[in-house]
1. Carbon and sulfur together cover what percent of the accessible area of the range 1-134 at a 1.4 Å probe radius?
2. Below 19 Å, Cα to Cα, which aspartates and glutamates can LYS118 reach? Residues fewer than 8 away in the same chain don't count.
3. Do the sum for the chain: with -39,500 (n - 2.57) for every DSSP H run of n ≥ 4, divided by all residues, what is the mean residue ellipticity at 222 nm, to the nearest 500 deg cm²/dmol?
4. Whenever you get a sec, line up VAL27, VAL146 from highest to lowest accessible area (probe 1.4 Å, protein heavy atoms).
5. Modelling each spin label as a point 7 Å along the Cα-to-Cβ direction, I'd like the TYR142/ALA102 distance in nm, to one decimal.
6. Between the range 81-149 and the range 45-69, how far is it from one alpha carbon centroid to the other, in angstrom?
7. Of the GluC sites (Glu not before Pro) in the range 83-149, which ones lie in a loop per DSSP and count no more than 11 other C-beta atoms within 10 Å?
8. Accessible area per residue, 1.4 Å probe, Å², for the chain: what's the number?
Amino acid sequence: MFSGKRRYHKYDIATGQLETAIRLFLVDGCDMFSAVTLAAAAGEILHQLVINDGKKPFVDYVVKVNDFKNPGKTPKRSSIISHIHNILSINALKHYDEKTDAFVEFDAEECALAAILKAMVDYKTLTGEHTESMKAFLAWTYLNLVPQR
């Protein structure tokens with residue numbers, strides 16, 4: 001399927017990246033670093049596809065909540081996106097330059113979880129549904145993150 005030069009739709013690329021990030025997350029002891037970066041890459045594509053479809057991406061809801069809590073003090077949309085990426089250590093995992101430390105301190109599982117959920121919101125906004133992998137991921141969150149469990 002991937003042998004030879006072909007055209008791929010960005011939706012298919014993002015879906016594959018997100019599905020792989022979910023599989024990496026759900027397999028015990030797997031690579032959380034790759035899960036973060038794959039989910040982040042998928043999220044960037046899905047974000048733009050949602051906008052192209054005339055719908056509101058995840059970050060617009062963050063802006064809306066911030067506007068509600070701090071009227072007139074909401075940073076630019078691009079600043080909020082950068083802030084989210086910093087919180088999730090996305091740029092630190094994708095880039096390395098002379099000015100940065102060779103070590104990154106962060107909670108890999110927490111960042112992978114958040115990056116996947118963020119991308120899943122835009123996937124759901126775009127398609128109106130979740131894949132089977134996404135449903136399994138949501139079941140994992142329910143079983144592992146709900147306080148009563």
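The values are calculated or read from the model by the stated rules, or taken from the named source; none is laboratory data. Just so we're clear, the structure is a prediction, and the values are computed from it rather than from any experiment. Every residue, glycine as well, gets a Cβ built from its backbone with ideal geometry; the counts of neighbours run over all protein chains shown. Surface areas here come from the heavy atoms of the whole protein model, side chains and all, with no ligands, DNA or RNA. Shrake-Rupley method; radii C 1.70, N 1.55, O 1.52, S 1.80 Å.
1. Numbers: 4750 of 8660 Å².
Answer for the range 1-134: carbon and sulfur cover 55 percent of the accessible area.
2. Once the sequence-local aspartates and glutamates are set aside, what remains near LYS118 is ASP12, GLU19, ASP31, GLU44, ASP53, ASP60, ASP107, GLU109, GLU110, GLU129, GLU132.
3. Working: 7 runs with 100 residues, N = 149.
Value at 222 nm, helices only: -21500 deg cm²/dmol.
4. Details: VAL27 75, VAL146 35 Å².
Largest accessible area first, the list is VAL27, VAL146.
5. Rounded to a tenth, the inter-label distance reads 4.6 nm.
6. 16 Å
7. Numbers: sites: GLU98, GLU105, GLU109, GLU110, GLU129, GLU132; in loops: GLU98, GLU105, GLU129.
Sites meeting the loop and neighbour criteria: GLU98, GLU105, GLU129.
8. Details: 9870 Å² over 149 residues.
About 66 Å² of surface per residue is accessible.
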